[in-house]
Structures are given as C-alpha cells and as structure tokens.
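K.L.:
Just dropping this structure here.
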Amino acid sequence: MERLRIAVAGASGLIGSALVRSLTADGHEVVRLVRRSAAGPGEVSWDPAGRSVNATAAGLTGCTAVVNLAGAGIGDRRWTPSYKRLLRDSRVLGTATLAEAVATLAEPPRVFVNGSAIGIYGDTGDRAVDEQAPPGDGFLPSLCVEWEEAAAPAQEAGVRTVFARTGLVVARDGGAWGRLFPLFRAGLGGRLGDGRQYWSYIALHDEVAALRFLIDGDTLSGPFNLTAPEPLTNREITAAMGRVLHRPAPFAVPAPVLRAVLGEMAGDVLGSQRVVPKRLLESGFRFAFPGIEEAIRAA
C-alpha cells in the first residue's frame, strides 16, 4: 500500500479526529493544520481569518491530499448575527485560504477534499434528492453554496476537488447524536415536532470510510452526499433509539418550544431533508452500517 502524506484541517473535530485515527492506523503521514504555533513536524500553523497558511517547506508541499473539515459547530450556539458570521467565516475563509495555497504549489496535491453539508438542499419535504438537486433557500443553503464556491482556486488550478456533503453523523460523542444519546439513556428521548421530517444520517465509521474512498478515487470529483442509503423520519429514528438503548421514548418536543429555545435554527431542526447518496453508490462505495439500528449500535 502506498504511504500517503495528507493534510487535515479540522483534525480535532468529530469527523477530523476519526479520519486522522484511521489514516495513521494504516501507516499514512498526517499533517494537522492548527490555529496556533506548530508544536512539531506533524503540525502546520494556519490562520483562516488572516488568509494565511504555511504552504511551503514542512507545510502542504509533498501532500497527496488536503482535506478541509474546519468550521464552527452549526448547533453549538443560538444563531445570533455574530455567530452566523462566525459560521460563515470559519468555512468560507478557511476554504479560500487552503484552495489558494493549494493552487500556488509547484506540485499540488492530487485531491482537495472540502467539507460541505446536505444543508445545501434546504427543506426537501418528502422528496428524495441527490447531488443534482439545486440549492434550497435560507441561511444554511446560502452558506453551503459560498463554502463550496470558495474552493474555486483549487479547481481552476486543475486539482481534483471533491465536496463531501455530510448528513447527521451517528456518533457517541460530538455532533447532534452526542446530545441525543444521554437524553435517551435517561429515558427522556422523544421526537422533535411532529416527527415526520426526514433525517439523513450516516454512521461515523461510514463517514470516514467515504472520505477515504473519495481521497483514493482518482476519477471522483464534485459533490458527493455522505448519507446512508435510506433516510428515515425523526419519528422512525426516535423509535430505533428507544429499541437499541432499551429505553422508552415517550416525549415529544413541540415545535413552538423548539423555536423558542433554538430561534432561527429550529427551522432546520424541524425541516425535512430526504437526501440520498446516489453518486457514492454509483461509484462503488459500500456502507458497513447502512441501517439506523446498525449505525446506533456501532456508535
């Protein structure tokens, strides 16, 4: 197996840390991009807001791939105007910084994998959508569009560029599911709103495997939905959580309460996204945990 040198931004996040563990376990060299002084040869200092990165010397030079998973947490705080600006800047400026750095290299990487999200499609209702669907309306779709457009310098330089449009990651710690597990274990789990909205999920194991599949796929470029093949409603997922954890899930959080607590973000929690990974499946990727109960047990 070829030993690769891969730079990862967002290496301390839920997905990034799992990806780094997987790559290093297989003997690949990982360079972590950090927003502080580099502590050793395995780190590269960068400043997304200042649009700077050490691309030469021990930095991005010689990297087979650059993977950008950096960005402030969508659900970490209420969407105040200042936090919405942080959500945007942490993604758009970071992507532009790395794409521009990649484009300047004498020997650019084989691939630039940029994080994105199924939020780009907006509320799809009961309609299943794949990568050909247009962007939706609202804050998250517009954010995702800008996020992906910021990678243009890498694309224009001829670097194979992939957009990993990730769904809800089923993981024990971190992300939306990291908040759901304690509630369900305590017997306090339940549906959100009427529970009819579709949730497009993916097991953390499959998320990492898909990213590595996209890194290795020499002919793969453009957007890929990283979601399990069969999206389910919030009501169905709530029932599955109760079964796997052997806890009743009798509660429901009414939509007005969610709106009062979450503000603008409640629209996306209550919205429906029935997203399918058409291109990933057509490219030959196979899910290890395609079903929701399998994904929950794996977490």
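The values are calculated or read from the model by the stated rules, or taken from the named source; none is laboratory data. Quick caveat, the model's predicted, so the values are computed rather than measured. Cβ coordinates were reconstructed from backbone atoms using ideal geometry, including for glycine residues, and neighbour counts include every protein chain displayed. Ligands, DNA and RNA are excluded from the accessible area calculation, which covers all protein heavy atoms including side chains. Shrake-Rupley method; radii C 1.70, N 1.55, O 1.52, S 1.80 Å.
Table: residues versus (1) assigned to a helix (DSSP H, G or I); (2) among the charged types (D, E, K, R); (3) touching a Pro at 6+ places or on another chain (Cβ under 7 Å); (4) modelled with pLDDT under 95.
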{"position": "ARG85", "(1), (2), (3), (4)": "yes, yes, no, yes"}
{"position": "ALA106", "(1), (2), (3), (4)": "no, no, no, yes"}
{"position": "ASN114", "(1), (2), (3), (4)": "no, no, no, no"}
{"position": "GLN132", "(1), (2), (3), (4)": "no, no, no, no"}
{"position": "GLN155", "(1), (2), (3), (4)": "yes, no, no, no"}
{"position": "PHE163", "(1), (2), (3), (4)": "no, no, yes, no"}
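K.L.:
Those residues that are assigned to a helix (DSSP H, G or I) and buried (at least 21 other Cβ atoms within 10 Å of the Cβ), I need them from region 144-153; list them, please.
P.N.:
CYS144, TRP147, GLU148
The rows are residues; the columns are (1) open to solvent by 20 Å² or more (accessible area, probe 1.4 Å); (2) of a type in the set (Lys, Arg).
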{"residue": "ASP76", "(1), (2)": "yes, no"}
{"residue": "ARG85", "(1), (2)": "yes, yes"}
{"residue": "ALA106", "(1), (2)": "yes, no"}
{"residue": "VAL113", "(1), (2)": "no, no"}
{"residue": "THR124", "(1), (2)": "no, no"}
{"residue": "PRO134", "(1), (2)": "yes, no"}
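K.L.:
Of all residues in region 33-42 being surrounded by fewer than 21 Cβ atoms within 10 Å (Cβ to Cβ) and under 22 Å from the mean Cα position of the chain (by Cα), which is modelled with the highest pLDDT?
P.N.:
Among those that are surrounded by fewer than 21 Cβ atoms within 10 Å (Cβ to Cβ) and under 22 Å from the mean Cα position of the chain (by Cα), it is VAL34.
K.L.:
For region 165-180, give me each residue that is in a loop (DSSP other than H, G, I, E, B) and basic (Lys, Arg).
P.N.:
ARG172
K.L.:
Cβ contacts < 9 Å: first residue on the phi > 0 side of the Ramachandran plot, restricted to region 191-215; second residue basic (Lys, Arg) and assigned to a strand (DSSP E or B), any location; separation 6+ or different chain. Result?
P.N.:
Sorted first by the residue in region 191-215, then by its partner, the list stays empty.
K.L.:
What residue, among those in region 197-241 that are among the small types (Gly, Ala, Ser), open to solvent by less than 10 Å² (accessible area, probe 1.4 Å) and part of a helix (DSSP H, G or I), is nearest to ALA18 (Cα to Cα)?
P.N.:
Only one residue tops the list, namely ALA210.
K.L.:
Follow-up question, since we're still on this one. Could you give me the residue pairs with C-beta distances under 6 Å whose first residue belongs to region 131-148 and is farther than 14 Å from PHE224 by Cβ, whose second residue is part of a helix (DSSP H, G or I) and among the aromatic types (Phe, Trp, Tyr) wherever it lies, and which are 6+ apart or on separate chains?
P.N.:
GLY136/TYR121
K.L.:
Just to verify a result, which residue in region 244-299, among those that are farther than 26 Å from LEU211 by Cα and of a type in the set (Val, Ile, Thr), is modelled with the lowest pLDDT?
P.N.:
Per the stated criteria, the residue is VAL261.
K.L.:
Kindly indicate whether SER45 is under 17 Å from the mean Cα position of the chain (by Cα) and free of Cβ contacts under 8 Å to residues at least 40 places away in the same chain.
P.N.:
no
K.L.:
Here's something else I'd like to know. Quick check on region 158-173: of everything there that is under 12 Å from the mean Cα position of the chain (by Cα) and farther than 11 Å from LEU220 by Cα, which residue is surrounded by the most Cβ atoms within 10 Å (Cβ to Cβ)?
P.N.:
Restricting to residues being under 12 Å from the mean Cα position of the chain (by Cα) and farther than 11 Å from LEU220 by Cα, the top hit is VAL170.
K.L.:
Select from region 183-208 the residues that are in contact with a Ser or Thr (Cβ under 8 Å, 6 or more places away or on another chain) and either within 16 Å of GLY291 (Cα to Cα) or modelled with pLDDT of 95 or more (or both) and list them in ascending order.
P.N.:
TYR198, TRP199, SER200, TYR201, ILE202, GLU207, VAL208
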